[in-house]
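Readers should treat all values here as calculations from the given coordinates under stated rules, not as data from a laboratory. No experiment lies behind these values; they were computed from the predicted model shown. No Cβ is skipped: glycine too gets one built from the backbone with ideal geometry, and neighbour counts run over all protein chains shown.
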Amino acid sequence: MRMSDESIVHVIDDDESFRVAVSRMLGTAGYQVRTYASAGEYLIQSPSPDAAGCLLLDLRMPGPSGLELQQALARMDSTLPIIFLSGYGDVATSVSAMKAGARDFLTKPVDPDALLSAVSSALSHAERDQATRRESGTWNRKLENLTPREREVLEQVVAGRRNKQIAASLATSERTVKAHRAHIMEKMGMESVAELIRSAERWQTGGEVSRPSSAPSLDS
């Protein structure tokens, strides 16, 4: 199954004949492919950590191993899913790779259908992850547009507090709280308090917005 035109399958393997064969197979299936002879070559040419795609990564190569590259990418906050390929894979190594976040671990000679299925699954995961990151970024940018007082009101609205309670805690009037709520809804692009709460629960970072103990009344 072909994914986004921006998605690229990065094949990292020191066996040239294997790289060529896999590249042809994936190309025939409709994927964009880039190949690298070593982990170092990939790091030199590597895309942004947030780029779309996945890695088909050989476990044992001259220079840095596949596991070492996986560790380096984790330090770079790379979000690209990794599928390990190896003729030398063992249980301990595959467990280490999967615990470190690998999507799959296939043994050479790899079955073409198994490889295509793993790539399709990894790219689907990558696209979902990218969509989540984009939505989270949008939420955080909107959050930055709120004034400090609007942030305080938002936290209490999401925590399930009524206007009267918020007004008392902030030593202000209910009318002022309602005005802040209206500004918050407009700036955050929300049509209802319920939608605001769901978004805050999903995208809150660093505990800035508390999870609600109960849904607030829409008119109080």
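With label points built 7 Å along Cα→Cβ from the Cα atoms of A74 and M25, find their separation and express it in nm.
2.8
How far, in nm, would the chain grow between K108 and A182 when pulled straight, counting 0.36 nm per residue and subtracting the alpha carbon separation? Provide the component values of the computation, followed by the final result.
Working: separation 74, 0.36 × 74 = 26.64 nm, distance 5.97 nm.
Working it through step by step, the gained length comes to 20.7 nm.
In whole Å, largest first, what are the principal axis extents of the Cα atoms in the range 36-179?
Answer, in whole Å and largest first: 71, 29, 25 Å.
Among 77-85, 15-23, 58-66, how do they line up by average Cβ neighbours within 10 Å per residue, starting with the highest? Intermediate values should be presented prior to the final figure.
Working: 77-85: 21.2, 15-23: 15.1, 58-66: 18.1.
Going from most to least packed, we get 77-85, 58-66, 15-23.
Picking from S121, A194, T172, whose Cα lies most toward the positive end of the charge dipole for the range 102-194 (charges on Cβ: Lys, Arg +1; Asp, Glu -1)?
Positive-most Cα among the choices belongs to T172.
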